[in-house]
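The next block holds one structure in the form of structure tokens; read it before the comments.
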Amino acid sequence: MIAIQNYINGQFQAARSRSTLELKNPSLGSVYGSLPDSDVEDVLEAIQAAKAAFPSWKVLSFEQRFDLLLKLANGIEARMQEFVEAESMDNGKPQWLAAQSDIPRAISNLKFFASAQMNFPSESHHTPGQGLNYTLRQPIGVVGCISPWNLPLYLFTWKIAPALAAGNTVVAKPSEITPYTAFLLSTVCEEVGFPKGVLNIVHGLGGKVGQAIVESKDVKAIAFTGGTVTGRAINIECAKQFKKVSLELGGKNPNIIFDDCDFEDMMATTVRSSFTNQGQICLCGSRIFIQKIIYDKFKTEFIQRIQKLTVGNPATEVNIGAVVSEDHMHKILGYIELAKEEGGKILTGGKRFVPKGECENGYFVEPTVIEGLGHLCRLNQEEIFGPVVTLIPFETEDEVVSMANSTPYGLACTIWTENGKKAHRVAERIDSGIVWVNTWMVRDLRTPFGGMKESGIGREGGFEAMRFFTETKNVFIKY
Ligand code: NAD
């Protein structure tokens, strides 16, 4: 049994109350460890540690900070297989996916922001005849980073790396459903002698630990990735305190397929963009819009490919592993039932999958494709966050833009066409923070990342994140 501990002021410790939560392996459906069920007292202790560490951390040279962040990246890299297995065990995702994507991208986040802080420029503005302005971007102080379960270490480091690089100290809370790799990162901190109190990791429930971080007057900014409902509650609390907040929330992303696309490329990528990580990526294209002329061809081939996907033990070479928890599996299956009530036709999948052998009690859902639903029904408006996609035919550019923009969300969109003018036209009209043309989920860490509407507030990535994690001050000097 694994016993995860809090990491506060460089010390590993249980919750003060000694109370714990169960840690479950979703592919086996069994408990494999525990994590602290921390309380407000644990959070306050972490905040005190972060406050005490701030004065010395903020004045480190760029090179010193670079070296320390790089040590964390290299420390993860040196224990790659351990991190990969932990991520897969905690989340249910296939090990190959954690090895190809989650853990390497976590390492990249740390390396990227270690270097970004060295290249983060200050502006100056000359006011003719009067003087000179220059802009300082200074660390804010103690900041809170709260992350979800779908890409655990990847999104945890996406927050903490720029926060630390910008000179802040951090109180971080990973999801209580997938805390294992954040805990392993705290052991890397100890191994490499990361300064005490600079990064504090408190485990436990969102309503206790997360809320205590958000409510503390000593925490000057909150960077949150998670669901829209939680994001709204956090936003309200931050507004009361005029606290800086960055919210990366849910999505219901359109995948728009025109008849003049490169069919083979589109098909292979659409299988990935629909079902990678069991469809539990905020960027997955869950509404697939297909131009009518190629609708039947698309449907036949897509279903053939989906039926070949393998589901099962994430430690093996399967395409699809377990969804993250029993509750989440029931939520997804509930949406499939709703699809039927709303008049949808299940073209493939639609049920819980029970693998033979040791994973028979795990939480698996067949990759599911549904057609026949209007774009305004609940299934096409609400985020399911599982291996479920809908097919929706369209005729014209205007029609598809209007349907694509009809949800409360606006995170990401993919457009498939070989016509460059059309791609630019549609990209301009789509309400989403990220648009991919003829590809999906290609990430350049320098680019702004985030959503419109109920998909979030603010942008992270590159200098956007450095700006979020610093306070801006203009200084004017009279000639
Ligand atoms: P969630 O909102 O339930 O939880 C996210 C984190 O917030 C967890 O650590 C949780 O413990 C904490 N939390 C819960 N209640 C809180 C509160 N009242 N105050 C402070 N913290 C609280 O989300 P989840 O189910 O873990 O993640 C799935 C969601 O995340 C999906 O909606 C998905 O679209 C979204 N997501 C968005 C992005 C993005 O970049 N936009 C990326 C990944 C996931």
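Could you work out, for the chain, what percent of all Cα-Cα pairs fall into each 20 Å distance bin, beginning at 0 Å and stopping at the bin that holds the largest distance?
Computed distribution, short to long bins: 24, 54, 21, 1.
How much mean residue ellipticity at 222 nm does the chain get from its helices, if each DSSP H run of length 4 or more adds -39500 (n - 2.57) and you divide by all residues, to the nearest 500 deg cm²/dmol?
-11500 deg cm²/dmol
Relative contact order for the chain: what is it in percent, counting Cα pairs under 8 Å that are at least 6 residues apart?
Relative contact order of the chain: 19 percent.
Report the charge-dipole magnitude of segment 1-92 in Debye, nearest 20, computed about the Cα centre from +1 at each Lys and Arg Cβ and -1 at each Asp and Glu Cβ.
So the dipole magnitude of segment 1-92 works out to roughly 280 debye.
Where does segment 305-361 land on Rg/Rh, using Cα atoms and the Kirkwood Rh?
Numbers: Rg = 12.7 Å, Rh = 12.7 Å.
We get a ratio of 1.00 for segment 305-361.
Arrange Ile160, Ile293, Ile140 by Cβ neighbour counts within 10 Å, fewest through most, would you?
Ile293, Ile140, Ile160
Just report the Cα centroid separation between segment 128-182 and segment 84-126, whole Å.
Each part's Cα centre sits 12 Å from the other's.
Show me, bin by bin at 5 Å from 0, the whole-percent P(r) of segment 152-305 based on Cα pairs.
Bins of 5 Å from zero give 2, 8, 15, 16, 14, 10, 9, 8, 8, 6, 3, 1, 0 percent of pairs.
Residues of segment 437-479 with backbone nitrogen within less than 18 Å of a virtual label 7 Å along the Cα-to-Cβ line of Leu136, please, listed as ranges.
Backbone N within reach: 467-478.
Which of His328, Phe463, Thr316 sits closest to the plus end of the dipole of the chain, meaning its Cα is farthest towards the positive end, when Lys and Arg get +1 and Asp and Glu get -1 on the C-beta?
Phe463
Among the lysines, which have Cα under 23 Å from the Cα of Lys111 when same-chain residues fewer than 8 positions away are ignored?
Those lysines meeting the cut-off are Lys58, Lys71, Lys159, Lys173, Lys196.
Run the dipole for segment 248-344 about the Cα centre, Lys and Arg Cβ at +1, Asp and Glu Cβ at -1, nothing else charged, and hand back the magnitude in debye, nearest 20.
That gives a dipole near 120 debye.
Roughly how big is the chain's charge dipole about its Cα centre, with Cβ charges of +1 (Lys, Arg) and -1 (Asp, Glu), in debye to the nearest 20?
1180
Which value, in Å to one decimal place, does the Kirkwood hydrodynamic radius take for segment 1-97 when every pair of different Cα atoms is included? The partial results should precede the final answer.
Details: mean 1/r = 0.0625 Å⁻¹.
For segment 1-97, the Kirkwood estimate is 16.0 Å.
Excluding same-chain residues fewer than 8 positions from Lys421, which lysines have a Cα within less than 29 Å of its Cα?
Result set, ordered by chain and number: Lys252, Lys292, Lys297, Lys299, Lys453.
Each reported figure results from applying straightforward, stated rules to the coordinates on display, with no laboratory input. A quick note: this is a predicted structure, and the numbers were derived from the prediction, not measured. Quick reminder, even Gly has a Cβ in these numbers, built from the backbone with ideal geometry, and neighbours come from all protein chains shown.
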